[in-house]
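Here is the structure we will look at.
What follows is calculated from the coordinates using simple rules that are stated; it is not laboratory data. These numbers come from a predicted model, not from an experiment. Ideal geometry is used to build each Cβ from the backbone, glycine not excepted, and the neighbour counts take in all protein chains shown.
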Amino acid sequence: MLPSPNGSHRIFTLFGITAYLHWTWLIGAVFFYQFSGLEPIVFISSYVGLFLIVLMHEFGHSLACRWVGGKAEHIVLFPLGGVAYVNPPPRPGAVLWSVAAGPLVNVVLIPIFMLAQVYWIGSQDTLTEPLSSFQQMIIWLSRINLVLLIFNILPIYPLDGGQIVQSILWFFIGYRKSLQITASIGMVAGIGMVVLGLFSGEFMLIILAVFIFFQALKGYGHAKLLAMNEKWEQNMQDMQQNMQDMFNRAPGGGTSGSGGFGTPGGRASGAKPQDDADIFDPKTHTKKRYMDED
């Protein structure tokens, strides 16, 4: 389950969007520090920098959603990243832009970090002294921004890359089928990542894999529910059509000129056909004379 504003601490509001910090974020900071191997000052500054990168990423989603006429009011940050609660218009183009805007923020940050490294660190050949804490932070944030970008654009639902693929497929096969396909891929990928994490001993990979699997499972369940609704609506339409057809075939139910049930040519029940009327026989493809049986 994704973290919600409930149980989170409100940080600030900008452009009508309120950012929240989930209580598990502080627990994650302590956990990550134990495995980082960084000096306390470097880790704290880098972790805060990571917080700002993720926050800008989520603001990219939210502002893009509002740009296309959607609703976006809340952002929640938690140890595994952030969640922008966006509700774009139900159109593939609007959803595609709302999703793609997040990774685009990371793309814009790449040249910014490159310039920062050139200005404050210089080239690798000119380094003659150990890096300062500030320089270490710039390098670490530059790398983590690139890692976040690559990870987010993986075509695995519910990651941004998987949602981008789902939005593109939506143009061609509809929302329900596109969600069902990408969610299935997400579940398979989640299981594969769990196996990989178990063999490699990467605990964080297992946590991410479990998160991905259950979110993909949730999306797949939503797609199945939509399929059931579509089938129910189609059955109702078929039932209404059958009832209408039965009514049209009932005696007196047809109109003049239409073949009512039991009344050739739509004549009223009991009416005597005209003498020497030409009737077309579809079996022999010839005309025969209709004779009254008097």
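Which shape class applies to region 154-236: rounded if a/c is under 1.5, otherwise prolate when a/b exceeds b/c and oblate if not, where a ≥ b ≥ c are the square roots of the Cα gyration tensor eigenvalues? Provide the component values of the computation, followed by the final result.
Numbers: a/c = 3.89, a/b = 2.14, b/c = 1.82.
Because a/c hits 1.5 or more and a/b exceeds b/c, region 154-236 counts as prolate.
If you take the beta carbon distance between R143 and I41 as r and set R0 to 22 Å, what does 1/(1 + (r/R0)^6) give as a FRET efficiency, to the nearest 0.05?
Efficiency for this residue pair is about 0.75.
Take the Cα of V48, step 7 Å along the line toward its Cβ, and report every residue of region 142-156 whose backbone nitrogen sits under 20 Å from that point.
What the label zone holds, given the 20 Å backbone N cut-off, is 142-145.
How far apart, in nm, are the 7 Å Cα→Cβ label points at N248 and F32?
My value for the distance between the label points is 6.5 nm.
Once R0 is set to 30 Å, what does the formula 1/(1 + (r/R0)^6) return for the Cβ-Cβ distance between Y119 and I11, expressed as a FRET efficiency to the nearest 0.05?
0.55
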